[in-house]
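In what follows, a single structure is set out as structure tokens and then discussed.
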Amino acid sequence: MKWFGLCMFVIAFLAATNTRAFDPLFDARIDYAVGTWPASVSAADLDGDEDNDLAAANSGSADVSILLNNGNGTFQAIVNYDVGGGPISIFASDIDGDGDNDLAVANVGSRSISIMLNGGDGTFQAAVDYGVGVSPHSVFGCDLDGDGDDDLAAANWNSCNVSILLNNGDGTFQTAVDYGVGSYPYSVFASDIDGDGNNDLAVANTYSNNICILLNRTIVSAIGEEPGTGPLTKFRFSSQNYPNPFNSQTTIAYSISQRSEVKIDIFDVLGRRIACFSEGKMEPGSHQITWDAKGAPSGIYFYKLRAGDFRETKRMLLLK
């Protein structure tokens, strides 16, 4: 009883002297109406003003609601865009490589993934649908084939498989290829699980009570030096990496004349991506990165710049 009385005294004392410990973490809720039966929501900068907007997949009304942020956590009136039947999952990513976030929507009713390409200001083109398995419940986007653009993986509930949609580089996709997983897959996630530089897949299977791991064995073939392709006046490597040959570290410089999303990938001679520098949206001017290759063996490597529609690859030599 003495210990109980002491504990009660301490609690009362803290409540009286440190009221912040009991302050609520959130303000009172603010509700924003969207379509019917919203099943999924995603946050990303959709209109290029560097704050997070919202996109909601509305399963009942078969559309996507866009809520543009005013910059202070309040939102403009919604705008709805039609997609396939029964949209249940939504993912935001730069699908067509133009520097703004597009949307991929899994439609459980129409067995499809709807692609909504962004005009750059938070408005979207009419959705284009791509067939996948039966009742896709989840969609995830990332680079699966090592070419620098975002591909898609969809977990198909009723067909018990995962559909892979490879990006052609312009926001259009090849015919889906399916891989069997466990019973009634509900969610899919991509990450480099085995540390080889490729994005693998983890799939949550509801009825078989397990997680399936699909290890990606992509090897980027035909890697080699290539001249710059695309808007050469806007992006370029400033020069060859320096030093070259190099031991352990080398600097790669590039220049851009307009604000753009920049990625630099490093490949070995087998075409395997072994490093990726995602610079994000960079301002115009000269920039550089440093690659620390202390864990890599001696040999020839290639570094590839991706900025907007521009691509350029150069060769370098690591000597230890």
When every residue in the stretch 127-147 that is charged (D, E, K, R) and assigned to a loop (DSSP other than H, G, I, E, B) is compared, the one least open to solvent (accessible area, probe 1.4 Å) is 143
Pairs returned, first residue in the stretch 139-167 that is within 13 Å of residue 218 (Cβ to Cβ) and of a type in the set (Gly, Ala, Ser), second residue that is open to solvent by less than 10 Å² (accessible area, probe 1.4 Å) and not in a strand (DSSP E or B), beta-carbon separation under 9 angstrom, 6 or more apart or interchain, are 146/271
Within the stretch 148-165, residues being under 14 Å from the mean Cα position of the chain (by Cα) and open to solvent by 10 Å² or more (accessible area, probe 1.4 Å) number 3
All-but-one check, residue 297 against (1) more than 24 Å from residue 217 (Cα to Cα); (2) assigned to a loop (DSSP other than H, G, I, E, B); (3) at pLDDT 90 or above, failing number (1)
Checklist entry - Within the bounds of the stretch 268-280, is there any residue that is surrounded by 13 or more Cβ atoms within 10 Å (Cβ to Cβ), aliphatic (A, V, I, L, M) and either free of Cβ contacts under 8 Å to residues at least 24 places away in the same chain or farther than 19 Å from residue 147 by Cα (or both)? => result no
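Among the residues of the stretch 1-26 satisfying the criterion of being part of a loop (DSSP other than H, G, I, E, B) and of a type in the set (A, V, I, L, M), which is modelled with the highest pLDDT?
Checked the stretch 1-26; the qualifying residue modelled with the highest pLDDT is 25.
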The number of residues in the stretch 27-50 that are in a loop (DSSP other than H, G, I, E, B), surrounded by 16 or more Cβ atoms within 10 Å (Cβ to Cβ) and not small (Gly, Ala, Ser) is 4
Residues of the stretch 107-126 being part of a loop (DSSP other than H, G, I, E, B), free of Cβ contacts under 8 Å to residues at least 60 places away in the same chain and not β-branched (Val, Ile, Thr), in sequence order, are 109, 110, 111, 117, 119, 125, 126
Residue hits (the stretch 60-78; assigned to a strand (DSSP E or B) and within 22 Å of residue 110 (Cα to Cα)) are 63, 64, 65, 66
Considering the stretch 170-190, residues that are under 23 Å from residue 265 (Cα atoms) and open to solvent by less than 50 Å² (accessible area, probe 1.4 Å), and then whichever is farthest from the chain's Cα centre (by Cα), we arrive at 173
* Asked: Among the residues of the stretch 168-175, is any touching a strand residue (DSSP E or B) at 6+ places or on another chain (Cβ under 6 Å), closer than 22 Å to residue 94 by Cβ and at pLDDT below 95?
  -> no
If I filter the stretch 81-97 for residues that are modelled with pLDDT of 95 or more, out of contact with any Ser or Thr (no Cβ under 6 Å at 6 or more places or on another chain) and either among the hydroxyl-bearing types (Ser, Thr, Tyr) or surrounded by fewer than 23 Cβ atoms within 10 Å (Cβ to Cβ) (or both), do I get at least one hit? yes
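The values are calculated or read from the model by the stated rules, or taken from the named source; none is laboratory data. None of the values given here were measured: they were computed from a predicted structure. Quick reminder, even Gly has a Cβ in these numbers, built from the backbone with ideal geometry, and neighbours come from all protein chains shown. The accessibility values were calculated without ligands, DNA or RNA, using every heavy atom of the protein model including side chains. Shrake-Rupley method; radii C 1.70, N 1.55, O 1.52, S 1.80 Å.
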